[in-house]
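Quick note: the coordinates plus some simple rules give every number you see, no bench work behind them. Nothing here was measured: the structure is a model prediction, and the numbers come from that model. Quick reminder, even Gly has a Cβ in these numbers, built from the backbone with ideal geometry, and neighbours come from all protein chains shown.
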Amino acid sequence: MADFINLASPGIKDLQPYQPGKPVEELERELGLSDVIKLASNENPLGASASVHASLRSSLSEVSRYPDGSAYLLKNRLSEFLGVATDRLTIGNGSNDVLELLARVFLSSKNESIVSQHSFVVYPTITRATGAALKVIPAKNYGQDLQATFEAIGDKTRVVFIANPNNPTGTWVNKSDLSAFLDQVREDVLVVLDEAYFEYVQEAEYPNGIALSEKYANLVVTRTFSKAYGLAALRIGYSVSHPHIADLMNRVRQPFNVNAMSMVAALAALDDQEHVRHSVELNSSGLRFLESECNRLGLAFIPTVANFLTIDFDRDAMPIYDALLREGVIVRPIGVYELPHHLRVTVGTADENQRFIEALGKVL
């Protein structure tokens, strides 16, 4: 038999498959449990809005048709909603798809990307898959050190990834620091600002990347409908960039990379901002509760502005994770992010948050 591993393209052989959060159904099968709750994947506990469900039902008769490969309706609605021209928009099968398009266009074995320690695992994956070099900057207080990131930029640097806020730490960079960083970066270095959790952030000094992209042509902003909009299963996201960058991404984009149901759902979700506001309010109250309970239990945590809390147990967290599974509570171990003492917990409904705290208290 051929040695298929060694036949793979350089950069692929050493990659590890992405490990998603454990599904509820799998845990129920493994341990014979029922009433399992999942607080592992940063999903909106309210799900999609009623208007999204209604729009999907009314569109089922069109499932035999190919989707609009240009995403005309969604691009025009996003253009209106965001205040940007349609030629700056790229629609993807989740924002991960858009990130991969960027890597395919701009990274190769001749250059490199820069990421922060503890940053989203997809950035190293898509970098290495292109054969590009990866430069990892040590984190500062679990977040991205922008000064160290700038100082690391070299002749081969083509892309800098910044998650704001970052997954899995929930840390963020403020507007003044980000603007100062962008002022210094060479024009031929793309800065990719991943704002997957944008809607959840309520800090006055949190920057709006899309507004900043009007000034900085090398800034690319990615967002998603998977989080606050509750469309994680439908996989739809987008980027806002200079028209030339968007044009290049569309040259390598698959013709029908986003399905019709996803676009219908995204249109309905955009028109239901009340559902988004309700989701954000639920998240804020849930975060306050979880933080208060961690303080009561004497547990440290990383301050967050997203829809999850990363808790420090000051010891190997895997036994705690496994014990929580036996209580029917799924959270996320993050040893792959060099945080083996931490667990990431998604903010759920009030009942789910209470259930997690009770289970945690029992386990500890």
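A few comments on the model shown:
- GNM result for the chain, Cα springs below 10 Å: residue of His275, His53, His118 fluctuating most strongly: His53
- Listed by chain and number, the lysines placed with their C-alpha closer than 19 angstrom to that of Lys362 are Lys38; residues fewer than eight positions away on the same chain are left out.
- Of Lys175/Lys215; Lys140/Lys175; Lys135/Lys227; Lys110/Lys135, pairs whose Cα-Cα distance is over 24 Å: Lys135/Lys227
- Ranking of His242, His342, His278 by count of other Cβ atoms within 10 Å, fewest first: His278, His242, His342
- Modelled spin labels at Val252 and Ala350, positioned 7 Å past Cα toward Cβ, are 4.8 nm from each other.
- For the chain, built as a Gaussian network whose Cα springs stay under 10 Å, the top-fluctuating residue of Ala204, Ala269, Ala323: Ala204
- Restricting the trypsin sites (Lys or Arg not before Pro) of segment 209-270 to loop positions (DSSP other than H, G, I, E, B) with no more than 13 neighbouring Cβ atoms within 10 Å leaves Lys215.
- In loop segments of segment 203-289 as defined by DSSP, the GluC sites (Glu not before Pro) with at most 16 further C-beta atoms inside 10 Å of their C-beta are Glu203, Glu205, Glu214.
- Helix-only mean residue ellipticity at 222 nm for the chain, each DSSP H run of n ≥ 4 adding -39500 (n - 2.57), per residue, nearest 500: -11500 deg cm²/dmol
- Footprinting exposure proxy ranking of Ser279, Ser109, Ser41, fewest other C-beta atoms within 10 angstrom first, gives Ser109, Ser41, Ser279.
- Among Leu102, Leu231, Leu178, the largest mean-square fluctuation in a Gaussian network model of the chain (Cα springs under 10 Å) belongs to Leu178.
- For semi-axes √(5λ) of the Cα gyration tensor in Å, the value computed from the atomic coordinates appears in the list (i) 31, 26, 22; (ii) 28, 24, 21; (iii) 39, 20, 19 under label (i).
- Separation between Cα centres of segment 106-129 and segment 261-302, rounded to whole Å: 29
- Computed from the C-beta positions of His278 and Ser58 and an R0 of 22 Å, the FRET efficiency is 0.45 to the nearest 0.05.
- Order of Lys156, Lys38, Lys140 - criterion: other Cβ atoms within 10 Å of each residue's Cβ, fewest first: Lys156, Lys140, Lys38
- Within the chain, no helix built from a complete DSSP H run reaches 30 Å or longer along its own axis (Cα positions) while carrying a mean Kyte-Doolittle hydropathy of 1.0 or higher.
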